[in-house]
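Accompanying notes for the structure given below.
Here, each number is a calculation from the coordinates, and none is a lab measurement. These numbers come from a predicted model, not from an experiment. Using ideal geometry, Cβ is built from the backbone for each residue, glycine included, and neighbour counts are taken over all protein chains shown.
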Amino acid sequence: MARPETLGAVLFDFDGTLCDTERHNLALVREVLVELDAPVSDEELLSIAGGDDRVVIPPILERYGSPYDIEEYERRRDGCYRTYSQAPLALEPGARELVSSLRNRGVAVALVSTTVARCVLTALDRLRALDLFDVVVTGDMVERRKPHPDPYLRALDLLGVGAGEALAVEDSPAGIASAHSAGLHAIGYSGCSLGQDLSAADEVVDSYLGFIL
């Protein structure tokens with residue numbers, strides 16, 4: 001899928017794309033799953049990154065014969081709130097400057113995350129980044145999360161921009177699939193280096209420093 005000729009909006013994922021929360025999140029996911037008698041491998045952890053917990057976690061619990069359910073998993077994980085409220089966080093190098101340059105050119109910028117609002121807004125507040133985005137869409141604002149198109153379609157609707165005038169920046173297969181199913185050109189971001197498969201992306205970048213959209 002080609003880049004749009006006229007760029008009206010750029011839609012960024014958050015975890016692992018604008019901020020290296022994914023590393024903290026995956027460590028917490030592993031910790032909780034081990035507590036629930038599901039000692040996942042590194043490969044299994046990477047395969048669920050960016051996905052909807054209610055979709056990707058139950059099969060893992062079942063695979064390991066865990067006696068616990070998704071409700072217990074979510075209770076112990078507390079929506080990953082610890083990551084967003086306590087872990088050391090920073091925007092990826094060059095990300096703030098890239099977003100600011102887009103908005104200075106009149107390009108709308110949205111944050112589109114599977115993570116719930118409580119976590120995302122806490123992180124953005126700590127990062128002093130709330131005012132960087134015209135629209136923020138979180139996982140609890142849509143019926144279906146990534147890899148479904150719903151989060152991106154919601155953001156496009158709120159921005160009043162068509163998919164043919166926008167592109168997405170993602171770090172996971174689930175996010176890229178979500179963007180593509182919404183009709184968006186998808187740029188894979190590999191700067192957080194978790195080793196996720198970005199081969200389905202239309203292009204891949206490893207840094208925002210000097211990157212021009």
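Data overview
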quantity: Beta bridge orientation in the chain: antiparallel %, DSSP, nearest 5; calculated: 5 percent
quantity: Principal axis dimensions, largest first and in whole angstrom, of the range 22-86 by Cα; calculated: 32, 23, 19
quantity: Ordering of 143-156, 45-58, 83-96, 10-23 by burial proxy (mean other Cβ atoms within 10 Å per residue, highest first); calculated: 10-23, 143-156, 45-58, 83-96
quantity: Residue-averaged 222 nm ellipticity for the chain, from DSSP H runs of 4+ at -39500 (n - 2.57), nearest 500; calculated: -11500 deg cm²/dmol
quantity: Cβ crowding within 10 Å averaged over residues, with 65-74, 111-120 ranked highest first; calculated: 111-120, 65-74
quantity: Once the Cα gyration tensor of the chain is diagonalised, semi-axes √(5λ) in Å; calculated: 29, 17, 16
quantity: Cα centroid of the range 120-155 to Cα centroid of the range 26-77, whole Å; calculated: 23 Å
